[in-house]
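Some notes on the structure that comes next.
The values are calculated or read from the model by the stated rules, or taken from the named source; none is laboratory data. Keep in mind it's a predicted model, so treat the numbers as computed, not measured. Neighbour counts run over all protein chains shown; Cβ positions are idealised from the backbone, glycine included. The accessibility values were calculated without ligands, DNA or RNA, using every heavy atom of the protein model including side chains. Shrake-Rupley method; radii C 1.70, N 1.55, O 1.52, S 1.80 Å.
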Amino acid sequence: MKTLNRIASLIFLEAIILCLIASFRLINLQSTVTLLIFNILFVSLIFQLNGSVLKKIFMLTAGNIIGLFWNLIFYYFSLAGYDYFGVAFNAFYTLIYPILNLMWIVPFWSLSLGFLPKQQEAIRQAKD
Amino acid sequence: MIIEILNLIFIFFTSVITIYLIRHYVFTLTVLRRSKTNKASNTNPNLSYEPTVSILIPAHNEENVIGKLLDKMTQLSYPKNKLEVIMVDDASSDNTGKIAEEYTKLYKFIKVLHRDSRIGGKGKASALNAGFKHSTGEIVLCFDADYLPHSDIVIKLVEKFVDPNVGAVQGRPVVLNEPHNMVTRLIALERIGGYRVDQEARDVLGLIPQFGGTVGGFRRSILESLGGFDESMLTEDTDLTFQVYLAGYKIRYVGDAECYEEAVDTWKAYWRQRHRWARGHMQVCFKHAFNVLRSKKMKLKEKIDGLLILHIYFMPILTLLSFFTGSLLILNGSSIAGALWFTVPVSFYSFVGNYAPFFEVGVGAYLDGRRRIQWLTPLLIFAFLYNMLICTKAFFDVLAGKLVGSTKSDWEKTEHSGNGNRYI
């Protein structure tokens, strides 16, 4: 079981790295930085909470995939906007870009916490 | 030239926002590390420190809630011969005084101080001062009329005063009527971020836990030396916090001294309450900011934290200004503004009373063993936008007050319907 968990963790980690590379190659540096900030926050805070590491890595991977596709969709949206409205749209997109990203980061953050075992439950289990 | 100046202003604004974000990140990490050591209770059962205690309850037209609180006072486990409860019936026009009188007949340690509209009705600080003059306890605790404490709360709060350097303590308010509606749920979330993470981290890190004016108390000798509460302040609690630190004492936060409160349940009441807090906090900032900087009794980390606390209600205004400055610069093609812009929307997902960002609030809710309430974190943005308006108005009101030189104080009372009692 331990070996299986390790293999699964490695696959998830690989997926996260691929998401970061893909965001840089397919989208732009901004999206990679956004994913990196999300990863740093997630690893430094949520990884300290209760629950198995595998579950947390799975959630982190899910977050990276959502973030990658979210950014990809809005990247193409910005290209289309640029075609229609010209340079002014780029400035507008720069303004709304972080807000759009927070629209997935904040809900994903709050949902992730809900998937972890409760603090009290963990304390009770430790006592037992 | 104008663009360069705006760039500098924007860099300054975003730097301030970043300092707050880093501060709260450190707070969250601190509380997470502490939770691993599982310090569930701070109470020392072997400690037999039992000083005389006076509990002050300022009340102005609180007939809906005062009976429940006095009931709870009769159930306190602290020795009754060392306890006195002074309910200040401050110019109430309803049955608050009569209800309290009934309790004085049954319990010797409960006393009522009636103040008619000629001498009373001048605000909470004035009522507290009146109660304080009549009190005799070495330690003085304060409770608002809508609060419902646990029976062991006095023991938990008082034991911190064993340390002679402790000038005041603060317990933890928990929202009683949380399921009532969206307003109460968001306030509950705000309280969790503010107390479960913020106050606890400040206590652990030796910074400045705030005295919140209720579910807390102070050492009698300190308030006497300070000459009582400053009645010109709308938030006499924040004022006292800084007075305590400037006098060389510290405040301790007692997370397990929980007390239930009835949160406001309409956006209108929320506006009224927050407007008072924002105005009061700004008054205190103008009063103490330079004193904190010059203080020889405060440590450097206390000074830094103190200044950050004092400016918290200016942050929504600063965020609003950053939003407009940043937008203008980005539309003008400024690359610096483009790079720093992300800090502005992040702060939209914060609470105002403590500027706690979404990650701190979420972790606080988790540590509290809550599951569903943290799903409301994305709605923080609406509360923050609302608070931007509140704080901006409060700022102009404070400025107007400064220009006119008004020091008039009055009860800016939060209406308590007593609906919270349904959730006991």
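Structural remarks
- The condition (being open to solvent by 40 Å² or more (accessible area, probe 1.4 Å), in a helix (DSSP H, G or I) and within 14 Å of chain A (Cβ to nearest Cβ)) is satisfied by just one residue among B:L328, B:L307: B:L328.
- Qualifying residue in region B:233-242 (condition: open to solvent by 20 Å² or more (accessible area, probe 1.4 Å) and over 24 Å from B:V158 (Cα atoms)): yes
- Residue in region B:138-145 that is over 21 Å from the mean Cα position of the chain (by Cα) and either more than 16 Å from B:G213 (Cα to Cα) or surrounded by fewer than 21 Cβ atoms within 10 Å (Cβ to Cβ) (or both) present: yes
- Qualifying residue in region B:356-375 (condition: within 27 Å of B:L205 (Cα to Cα), touching a His at 6+ places or on another chain (Cβ under 6 Å) and part of a strand (DSSP E or B)): yes
- Residue in region B:122-130 that is open to solvent by 20 Å² or more (accessible area, probe 1.4 Å), touching a residue at least 12 places away in the same chain (Cβ under 8 Å), in contact with a strand residue (DSSP E or B) (Cβ under 7 Å, 6 or more places away or on another chain) and not aliphatic (A, V, I, L, M) present: yes
- Candidates B:M87, B:M73, filtered to the one that is more than 14 Å from chain A (Cβ to nearest Cβ) and in a strand (DSSP E or B): B:M87
- Filter pass, A:I65 being facing chain B (nearest Cβ under 10 Å), modelled with pLDDT of 90 or more and either surrounded by 19 or more Cβ atoms within 10 Å (Cβ to Cβ) or out of contact with any His (no Cβ under 6 Å at 6 or more places or on another chain) (or both): no
- Residues located in region B:333-355, provided they are in a helix (DSSP H, G or I) and open to solvent by less than 10 Å² (accessible area, probe 1.4 Å): B:A337, B:T343, B:V344, B:P345, B:S347
- In summary, A:K118 fulfils each of the numbered conditions (1) within 13 Å of chain B (Cβ to nearest Cβ); (2) of a type outside the set (A, V, I, L, M, F, W, C); (3) surrounded by fewer than 16 Cβ atoms within 10 Å (Cβ to Cβ) with the single exception of condition (3).
- Residues of region B:266-281 satisfying the condition of being part of a loop (DSSP other than H, G, I, E, B) and crowded, with 20+ Cβ neighbours inside 10 Å: none
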